[in-house]
Every structure is written in structure tokens, then in C-alpha cells.
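What follows draws every value from the coordinates through simple rules; no lab data is involved. Keep in mind the model is a prediction, meaning the values are calculated, not measured. Glycine also receives a Cβ, built like all others from the backbone with ideal geometry; neighbour counts cover every protein chain displayed.
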Amino acid sequence: MDVVWTLATAVTLALACALLGSFLALRRTLLLGDALSHAVLPGVVLAFLWSGSRELLPMLLGAGAAALMATLLLELLQWRFRVHPDAALGAVLATFFAAGIFLLSRFAGQVDLDAECVLYGELAYVPLELVSVMGVEAPRGLWTSAVLLAGVGLFVWLAYKELALVSFDPTFAASIGRSPRRWSLALMGLTAAVTVVALELVGAILVVALLVGPAAGARLLTRRLPQMLLVSALLALSSVGVGYGLAWAFDGALAGWIAVVAGGHVVVLVLLRRLRKAPASAQEPFAAEQGDDHAQQPR
Amino acid sequence: MIAIECRDVTVQYGHRVALWGVTCQLPAGRLIAIVGPNGAGKSTLLRAMVGLVRLSRGEIRLFGQAPEKVRRRVSYMPQRETVDWDFPLTVFDVVLMGCYGELRLGARPRREHYERAQRALELVGMEHHAQRLLSELSGGQQQRVFLARALAQQAELYLMDEPLAGVDAATEQVVLHVLEELRRQGKTVVVVHHDLSTIAERFDWVVLLNLRLVACGAVPEVLTMANLHGAYGGRLQMLSDVAQVLEQRRQRLRHG
Ligand SMILES: Nc1ncnc2c1ncn2[C@@H]1O[C@H](COP(=O)(O)OP(=O)(O)O)[C@@H](O)[C@H]1O
Ligand SMILES: [Mg+2]
């Protein structure tokens, strides 16, 4: 039964991450999850210093507050000071993480805190903590990821048009009254929430791998946005499935194997594309014709 | 009837002034050109008209109302650079976005919207490319796709930023044809455009801009040597070309 709980949690989380990650990939902010998972550190340390305990709730609140601040700072850098997204991500990640390290060393005496174990969860422990909701008993991790998936799913369902619009052509979006800034903030805020909660459940590596891998793979495989969302979900499922198979065959941490497969997909796809592209482009040098053409293509 | 009214419109980017005290009234149902040298504030004026930049002074009214109030009656076609060309959308998806303004959160396009997008594609001669990606098209074809998206908006006022910049001859014909078609339907069309001879030949009204308003009025009155000197300084070769086109047009009018 434990295995089923673990896999169900991993799958739910992977789907939520794949959906979110797809939109992050389109906005070229795929590393947002990575940045946020580092940026929570100062929040965790301060929460520990303030509460003096390792209770989960203060830790989560501290992490959440730090992630929120990082998100707002990113927003400010990008929209107010027109810093390029990847530069902004790098700057925020480095500053926040450094601040966390500084706090840790400065208060080393008082902090009996290995941030890794306090906030950074482990997939294998998920089945250990059962919670019953409305008479149904399941791991807390599964309930939490189900809520995340529902939230992300609802957001993407409702805001699909707006997300596509503001990512594709922000100026036009603004001209029809859809604020690119507001929608970008909504997407980042949701990513921050998912990252913090998932960090605590399954650890940083797996969260980042699930946000990046399936989305990046789907981006390579598809030509249209709806297909991309579908394929990213399939890649998320296969990451968990294949990862489980590998963990069973070779032993080792399930989370690690899932992360390896999620990332491995992308590497394999890139290589395959290279292989396929080389001969194809030699055959049809002018696939996208230039100049103009009233002479339309026969289809 | 007045479609657009600008009163003392002033826009600054930081400390840099892009438009200074522009006051003018643009009539409805006309084909209107905005002309001026690079950096004159032409794009800024269009952006101000859709409420995309904040005015530091003055006021703009579209159909007597604030720009934010009449978004659904206005279609804005930005200059080409703002788009993510690698985005995974087909030509048809892009044109369909012209209908998004009237769809609420969570709503999906319906049959009528698909038909509208299809008609718009046909108007610009791109119906055979509906399922291709933007990145697979030539510059002129891409421009026609954005023109189709603007048409799908079914607005009353069209604001187009350099739709004819850097396009091939066939696309130029398509765009000019669409502009005239829109005028025929009684729409107001404002176009940033550089080619003074096309303006002299085809447009009704012209706004000459160079940070300040140089002149605004019917084409034959505004495109005079004195005004063009005011806007451009002395690039005389171009100016005498314009004078020639205008003279031809006057004669055509005189002889019926
Ligand atoms: N987003 C911006 N930030 C700062 N300056 C800008 C911005 N957009 C335009 N400008 C400046 O404002 C002036 C007018 O620009 P613009 O309206 O694009 O001119 P035009 O379209 O007539 O070439 C230019 O000097 C330009 O450099
Ligand atoms: Mg311009």
C-alpha cells in the first residue's frame, strides 16, 4: 500500500508541476522553481530563530514569506526596471540564498538547524503521515498535492486564453485590457506556492526536475499549445512510471530516479531531434519560403 | 463626427519627452496617416490612444470616452517587434486571438469566432496557411496574419503601427486594399506610415508629428512644403515627389 500512496503523490505533484512548468517554459522563466526553492532559505532560518522550534507551520510560513518576497522582487525587477527574466532570476536566487547562508552561519550557535531536513522533504516518507479527511485516510502529502493539482488545473483552465495571450504578445494583450504584469504575477505566485509546499513534501531536486523536465520535453515535441500541455502531462506520468521501474530494478531513491528520468527525457529528445534534423534539412533547404508568395503552397 | 480627440497630450519616458502638447481632432470614417521622422513619437501617440502609456498631461477621448472604456471598439496592431515568434501557435490560433477581447475569463471561442477568424484570414489571402506556425512564414505573411487578427476584432477604430514597413509588394497591395475596404465600411483607420506618395494618393487625412504636432488636416492642405519642412527639415527630393503626386491627384479630382 505504501508504494501506491507514494506513487499517487508523485503523479499528482508531477501533473501539477508539468502544467505550470509549460507556461513557465513559454515565458522563458523555467528556472523560477529553482530560484524559489533556494530563495526560501532565509525565511526558514528566520522562522526557526523566531519560533525557536522545528514545528512545520512556522517553517512553512517563513518559507512562504521568503518566496513571496522573492516573487515580488522578481516582478519589480522585470516590469519596473526592465531587467531580463533570466538575469532577474539569477540575481534573486543568489541574493536570497546567500542571505540564508549568512543567517545560518551568523547564528550558528543558536541554530540547531539542518535546513535540509527541516523543510526539504523526502518522497519516501510521504506514506508515514496519514491524515483522514471526511473519513478517507490517506497521506498528508497526497491530500496536499491533490489540492495543488486542483488549484493549478483550475487556474490553467480559467486563464488559458490570458496566459497564452500575455506570453505571446504582451502589447496586444494590454491593448485589449489583459494586463501582462498582473497575469505574470499570478503565474509566479502560484509557482511560489506550489514550490514551497512541494519542497516540504518531496524535496528541492524533485520539484525542480518536475517543473522543468516534462515542460521542456513537451516544448520540443509539439507545435501547438494544447498539445504541449497534454504531452507535458504524459511525460510527467512517464517520469514517475519509468523512475519507479528504475528504482525497483537498480535500487536507490525513488525521488532521485524520477528526477533523473524527468531530466533525461529532455536530453534524449534533444539528441533525437539533432539526429533527425541533420538529414531532413539537407533535403528541403527552403522549407519556410522567403520573400513572398501569392503562389500558395499546395497542401 | 469626431473619432479621436487629443487635448494637450504629453508623454514622458522617465525624463525624456516623447510627445509634447499635442492637440488635434481626427474625423470618423476616414483613412488617417500619422507621419513624422523616426523618434517623432508616432508609436507613442498610438499607444497613448489605446491607454498603454500614461499621459503626463492632457487627455485623449475616443468617441467621446476614455480609451479604457471603449476597448472593444478599438483594434490596435502593434509594431512587429513585440511578439514571441517561436510561440507554439498556428496562424489560425493567432487570428482567433482577435476575438479574445470579448471572451470572459474561462470562456472558449465559439463557432462565430472561428468563422470570423476564417473570414479575416481569407481577406488577407492567408487561408491556405491557417495551420502553419508563425516562424514558418515570411515577414510579409506574418504581417498579414496580424492584420487578420486586427480584422477579427471587428472594431470601429483601427490603430496600426507601420503595417507597411518592410513588407513585400504583394503584402503591400493586400494591406492597402484592406485599408480601403475598412474605410468603405465606414471605419476609422489610423496608420503610422512613411511613404508620403502613398499617403498623398490614398489617404484622406494626415497628422504630421515631430514631438509636437506640426499639422493636422486633410491631405491636400497639410502635405505642403512648409509643413513637411517643419516635420523633416530639408530632404527636398522626397518633398518634390510628394508635390508631384498631390498635383496629379488634384487634376484627377478636377477632371472627375
Ligand atoms: N519604452 C520606452 N522607454 C523609453 N523611451 C522610449 C520608449 N519608447 C519610446 N521611447 C523614446 O520616445 C521617443 C519616441 O518614440 P516612438 O514613439 O517609438 O517614435 P516613432 O514611433 O515615431 O519612431 C523616442 O525618442 C524613443 O527613443
Ligand atoms: Mg514607431
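Let me confirm one metric for peptide A:150-161, namely the mean number of other chain beta-carbon atoms within 10 Å of its residues' beta-carbons. Walk me through the numbers on the way to the answer.
Working: counts 0, 0, 0, 0, 1, 0, 0, 2, 4, 2, 3, 11.
Mean shielding by partner chains, rounded to a whole number: 2.
Sorted by average packing, counted as other Cβ atoms within 10 angstrom per residue and highest first, what order do A:131-137, A:80-86, B:192-198, A:211-217 take? Please list the in-between numbers first.
Working: A:131-137: 8.1, A:80-86: 12.0, B:192-198: 19.4, A:211-217: 28.1.
Final packing ranking: A:211-217, B:192-198, A:80-86, A:131-137.
Return the long-range amide H neighbours of B:Ile2 (sequence gap of 5 or more, or a different chain), with a cut-off of under 5 Å between placed amide H atoms.
For B:Ile2, whose amide H was placed from the backbone, the distant partners under 5 Å are B:Ala28.
Using θ = phi - 60° and the Karplus relation 6.51 cos²θ - 1.76 cosθ + 1.60, list the HN-Hα couplings for the range A:84-96 in order, rounded to whole Hz, with x at every Gly or Pro.
4, x, 5, 5, 4, 4, x, 4, 5, 4, 4, 5, 5
Give the share of C-alpha pairs in each 5 angstrom bin for the range A:2-294, from 0 to the last occupied bin, in whole percents, shortest bins first.
In order of increasing distance, the bins hold 1, 5, 11, 14, 16, 16, 14, 10, 6, 3, 2, 1, 1, 0, 0, 0 percent.
Along the positive direction of the dipole of the protein assembly as shown (beta-carbon charges: Lys, Arg +1; Asp, Glu -1; about the Cα centre), which of A:Pro226, B:Ser56, A:Ala47 reaches farthest?
Comparing the listed Cα positions along the dipole, B:Ser56 ranks first.
Which one, B:Leu147, B:Leu105, B:Leu89, has the greatest fluctuation when you compute a Gaussian network model over chain B with C-alpha springs under 10 angstrom?
Result for chain B, Cα springs under 10 Å: B:Leu105 fluctuates most.
Among the lysines, which have Cα under 21 Å from the Cα of B:Lys42 when same-chain residues fewer than 8 positions away are ignored?
B:Lys187
What dipole magnitude, in Debye to the nearest 20, does the range B:1-150 give about its Cα centre under +1 on Lys/Arg Cβ and -1 on Asp/Glu Cβ? Before the final figure, lay out the partial values.
Values: 22 positive and 14 negative charges, 95 e Å.
Rounded to the nearest 20 debye, it is 460 debye.
Just counting partner chain Cβ atoms within 10 Å, what average do the residues of peptide B:83-94 show around their Cβ? Walk me through the numbers before you get to the answer.
Numbers: counts 5, 7, 1, 4, 7, 14, 8, 3, 0, 1, 5, 4.
For this peptide, the per-residue mean of nearby foreign Cβ atoms is 5.
For A:Val131, enumerate residues with amide H under 5 Å from its amide H, sequence gap 5+ or separate chain, H modeled in the peptide plane.
A:Ala138, A:Arg140
Under 10 Å, Cα contacts only: if you run a Gaussian network model on chain B, which one of B:Trp85, B:Trp20, B:Trp205 comes out with the highest mean-square fluctuation?
B:Trp85
In chain B, which Cys residues have no partner Cys with a Cβ closer than 4.7 Å?
B:Cys6, B:Cys99
Treating only the Cβ of Lys, Arg, Asp and Glu as charged (+1, +1, -1, -1), what charge dipole size does chain A show about its Cα centre? Round to the nearest 20 debye. Before the final figure, lay out the partial values.
Working: 19 positive and 19 negative charges, 201 e Å.
With only Lys, Arg, Asp and Glu charged at Cβ, the dipole is about 960 debye.
For the protein assembly as shown, give the share of DSSP beta bridges that are antiparallel, in percent and rounded to the nearest 5; count only bridges with both residues there.
Details: 25 of 42 bridges.
Bridges in the protein assembly as shown are about 60 percent antiparallel.
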